Amino acid sequence: MITDADVKKLEKTFATKEFLKKELNRFATKDDLKSFASKEFLKEELNRFATKDDLKRFATKEDLRSAFDELVSVIMEMTDNVIARIDKTLDRTEINEDQIQDHENRLRKVEDKVFVV
């Protein structure tokens, strides 16, 4: 026959219903797991995000740097061309100023001769 002392020793070695109910409550049940995402749900939801293949269509930092460098070189070249044209125009203006000054001097001389008489 099993005594109370034997039952207490067995309870120390083996799990009882009460112990299992208390301890197993810590673990998730099937109903608890239903609130978590399933494979199908994750597949549907993750399709909204970009993949590696999607990101290959966008410019990389290196692409942007090279495009920026090309743009800067084009702008510098255009600026050099504009400065060269301005310099040519200024040179022509200086030549024209000399010619205009010469013409004005000649006109004064002619006017002085005409109006003196």
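Taken together, the values in this text are just the output of simple stated rules run on the coordinates, not laboratory data. Everything numeric in this text was worked out from a predicted model, so none of it was measured. Positions of Cβ are backbone-derived with ideal geometry, glycine not excepted, and every protein chain shown enters the neighbour counts.
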Practice problem: At most 11 other Cβ atoms within 10 Å plus a DSSP loop assignment makes a site exposed; report the longest stretch of the chain without any exposed trypsin sites (Lys or Arg not before Pro). | Solution: 58-117
Quiz item: Hey, got a sec? Which chymotrypsin sites (Phe, Trp or Tyr not before Pro) in segment 28-117 land in a DSSP loop and have at most 11 other Cβ atoms within 10 Å?
Solution: PHE36, PHE49, PHE58
Self-check item: Option label - semi-axes √(5λ) of the Cα gyration tensor in Å computed here, alternatives (1) 31, 12, 12; (2) 106, 16, 14; (3) 23, 19, 10
Solution: (2)
Quiz item: Tell me, what HN-Hα J-couplings in whole Hz come from the Karplus equation 6.51 cos²θ - 1.76 cosθ + 1.60 at θ = phi - 60° for each residue of segment 27-40, using x for Gly and Pro?
Solution: 8, 7, 9, 4, 5, 5, 6, 5, 6, 8, 6, 8, 4, 4
Quiz item: Pulled fully out, how much extra length does the chain show between ALA67 and ILE95, if you take 0.36 nm times their separation in residues and subtract their Cα-Cα distance?
Solution: 5.9 nm
Quiz prompt | Within the chain: Cβ-based charge dipole about Cα centre, in debye rounded to nearest 20 (Lys, Arg +1; Asp, Glu -1) | solution = 1320
Quiz item: How far apart, in nm, are the 7 Å Cα→Cβ label points at LEU10 and LYS56?
Solution: 6.7
Quiz item: Using the Karplus equation 6.51 cos²θ - 1.76 cosθ + 1.60 (θ = phi - 60°), what ³J(HN,Hα) coupling, rounded to whole Hz, does each residue of segment 84-101 give in order, writing x for Gly and Pro?
Solution: 5, 5, 4, 4, 4, 5, 5, 4, 5, 4, 4, 5, 5, 4, 4, 5, 5, 4
Self-check item: Sites LEU24 and ASN47 - FRET efficiency at Förster radius 30 Å, r taken between beta-carbons, to 0.05
Solution: 0.20
Quiz prompt | Listed residues PHE41, ILE83, ASN25: farthest to the positive end of the dipole of the chain (Cβ charges) | solution = ASN25
